[in-house]
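K.L.:
Here you go, one structure.
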Ligand code: ADP
């Protein structure tokens, strides 16, 4: 916990957007890939069917011009050598008799043509079918067409070549597709981060404001888009809130100013009554209570006004060379009796010298307030330790106690004026001490932070920078 603003990046949203972009991109690519594959397979198959149809027509023309012997010659020529592995021809009579066939050893368990093929008229469209032969790895596309009044030609062609061609084409697609999807991840991350940069600015400003820097504004770059409009609306809202807060503060300060004089007069009157009245008069204790209450109110008003002055920079710092180690040592000596009364062990780990330019009186009050709190909120038997570390360009002074601690919900609020934690309301105090400490330390360009565990204790750390 700290009095200083903390910023967090909206990492998860950027990550979620990136995953969404990449997921949608991967799914659409896979769909496009599936559609392209289906179209490719269909086109290649159509092409094969067309070729087979043209072959039947050519053989029919050959039969008419040169007779059956020429047809047989051409069939043998087309299935010579390796071609016998990929295609075959069979010539059927209309009565279902096999007239001739090329080498069928590569096409075992080849059945007869389907019913109806023998009734095909000469001009009828050929019949096509796909044969799945048990001992072949690839199916065979077969065509049956009439080449004369008596003969039906069957041509079988393995689809091995076309399947391999399609597979090779698809393989060529897969690698770039995977590369695109993988490239999509950093690209999506970059785009999401770019889009969210404006939101991050708003978040950063809101965090700074939550920590008290009400004069911060979101930088408005460009014009027109949603984020720029968000920044403009956000800044306009801040202007309004700041005006309201300043108005409220001014009113409170005027009120405090105006109350100071009548209170001082009431206090003087009560003191006079105490001095001039009879020592045994019952009004005497009332006058004493009135004086005490006036003192309490006046202290509250004065501290409040001092915080306003310090925050606004109106109160000049009286800078001089200060040995911070000595200030802390003096404070420890001063509070030693209080610590002993409360049976608290007060110790300090300090160097002999720790020089820096600072306002001596203000630092004394900061140390006294923090030490007073540490003792006040630590039960008897506890321990309070002050440590001063000189880090060269900065010094760090910590107040560690084994006291009641502060809950994580209340910790961010303890530096506000008049805020007191529920568990500590029974102790004396007005809730202004820490607000004055923050104002004084900030006026020196330093910062205060707190870490605390309820029931175990708290550590307040003051960091001052050497100018
Ligand atoms: P107060 O006059 O009430 O002590 P402060 O501004 O000094 O006012 O502190 C604000 C509140 O912070 C206190 O009321 C208390 O609840 C809490 N606090 C401050 N210091 C400590 C501490 N060392 N241990 C526990 N609570 C603390």
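Taken together, the values in this text are just the output of simple stated rules run on the coordinates, not laboratory data. All values derive from a computational prediction rather than experimental measurement. Note: ideal-geometry Cβ built from the backbone for every residue, glycine included; neighbour counts use all protein chains shown.
K.L.:
Expected output is a single nm value to one decimal: the length gained when fully extending between residue 456 and residue 268, i.e. 0.36 nm times separation in residues minus the C-alpha distance. What is it?
P.N.:
63.2 nm
K.L.:
How many nm is it between the label spots at residue 259 and residue 57, if each spot is 7 Å from the Cα in line with the beta carbon?
P.N.:
10.7 nm
K.L.:
Continuing with the same structure: Which value, in Å to one decimal place, does the Kirkwood hydrodynamic radius take for the chain when every pair of different Cα atoms is included?
P.N.:
Values: mean 1/r = 0.0313 Å⁻¹.
Computed over the chain, the radius equals 32.0 Å.
K.L.:
Follow-up question, since we're still on this one. In nm, to one decimal, how far is the residue 105 label point from the residue 197 one, both placed 7 Å along Cα→Cβ?
P.N.:
It works out to 7.4 nm between the two label points.
K.L.:
Shifting gears a bit: On a full-extension model of 0.36 nm per residue, what is the gain between residue 95 and residue 466, subtracting their alpha-carbon distance, rounded to one decimal in nm?
P.N.:
The residue 95-residue 466 span can extend by a further 122.3 nm.
K.L.:
Enumerate the whole-percent occupancy of each 10 Å bin, from 0 to the last occupied one, for all C-alpha pair distances of the stretch 110-201.
P.N.:
Whole-percent P(r) values from 0 Å outward: 13, 23, 17, 13, 11, 10, 8, 4, 1.
K.L.:
Where does each of 27-36, 65-74, 390-399 land if you order them by average Cβ count within 10 Å, highest first?
P.N.:
Top of the packing list down: 390-399, 65-74, 27-36.
K.L.:
Continuing with the same structure: What FRET efficiency do you get for residue 428 and residue 34 if R0 is 56 Å and r is their Cβ-Cβ distance, rounded to the nearest 0.05?
P.N.:
Taking R0 as 56 Å, the efficiency between residue 428 and residue 34 is 0.10.
K.L.:
Helix 360-376 sits at what angle to the longest principal axis of the chain, using alpha carbons and giving 0 to 90 degrees rounded to 10?
P.N.:
80 degrees
K.L.:
What FRET efficiency comes out for the pair residue 174/residue 16, r = Cβ-Cβ distance, R0 = 30 Å, nearest 0.05?
P.N.:
My answer for the efficiency is 0.60.
K.L.:
Now for a different question. What are the extents of the Cα atoms of the stretch 375-414 along their three principal axes, listed from largest to smallest and rounded to whole Å?
P.N.:
Taking the Cα atoms of the stretch 375-414, the three principal extents are 34, 27, 12 Å.
K.L.:
Sort the following peptides by mean Cβ neighbour count (other Cβ atoms within 10 Å, averaged over residues), highest first: 15-26, 364-375, 109-120.
P.N.:
364-375, 15-26, 109-120
K.L.:
Cα axis of helix 11-66 to longest principal axis of the chain: angle in degrees, 0 to 90, nearest 10?
P.N.:
It is inclined by approximately 10 degrees.
K.L.:
How many Å³ per residue does the convex hull of the Cα positions in the stretch 102-257 occupy? Before the final figure, lay out each step's value.
P.N.:
On the way: hull volume 41.7 nm³, N = 156.
Taking the convex hull of the Cα positions in the stretch 102-257, it is 267 Å³ per residue.
K.L.:
Related question: For the chain, take the longest principal axis of its alpha carbons; what is the angle in degrees between that and the long axis of helix 160-210, to the nearest 10 within 0 to 90?
P.N.:
Tilt relative to the chain: about 10 degrees.
K.L.:
How much mean residue ellipticity at 222 nm does the chain get from its helices, if each DSSP H run of length 4 or more adds -39500 (n - 2.57) and you divide by all residues, to the nearest 500 deg cm²/dmol?
P.N.:
For the chain, the value works out to -19000 deg cm²/dmol.
K.L.:
How long is the gain from residue 288 to residue 352 if the chain were fully straight, where each residue apart is worth 0.36 nm and the alpha carbon distance is subtracted?
P.N.:
18.6 nm
K.L.:
What FRET efficiency do you get for residue 295 and residue 221 if R0 is 56 Å and r is their Cβ-Cβ distance, rounded to the nearest 0.05?
P.N.:
Efficiency at R0 = 56 Å is approximately 0.55.
K.L.:
Can you give the Rg/Rh ratio of the stretch 411-450, where Rg is from the C-alpha atoms and Rh is the Kirkwood radius?
P.N.:
Checking Rg against Rh, the ratio lands at 1.01.
K.L.:
For the stretch 256-373, taking Cα atoms only, what is the radius of gyration to one decimal and the Dmax to the nearest whole Å?
P.N.:
19.6, 55
K.L.:
Another one. Counting only C-alpha contacts under 8 Å and six or more residues apart, can you give the relative contact order of the chain as a whole percent? Display every interim value, and only then the final one.
P.N.:
On the way: 627 pairs, mean separation 61.2, N = 467.
Answer for the chain is 13 percent.
K.L.:
OK, next. Tell me the label-point distance for the pair residue 249, residue 119, using the 7 Å Cα-to-Cβ offset, in nm and rounded to one decimal.
P.N.:
Once both label points are built, they end up 10.3 nm from each other.
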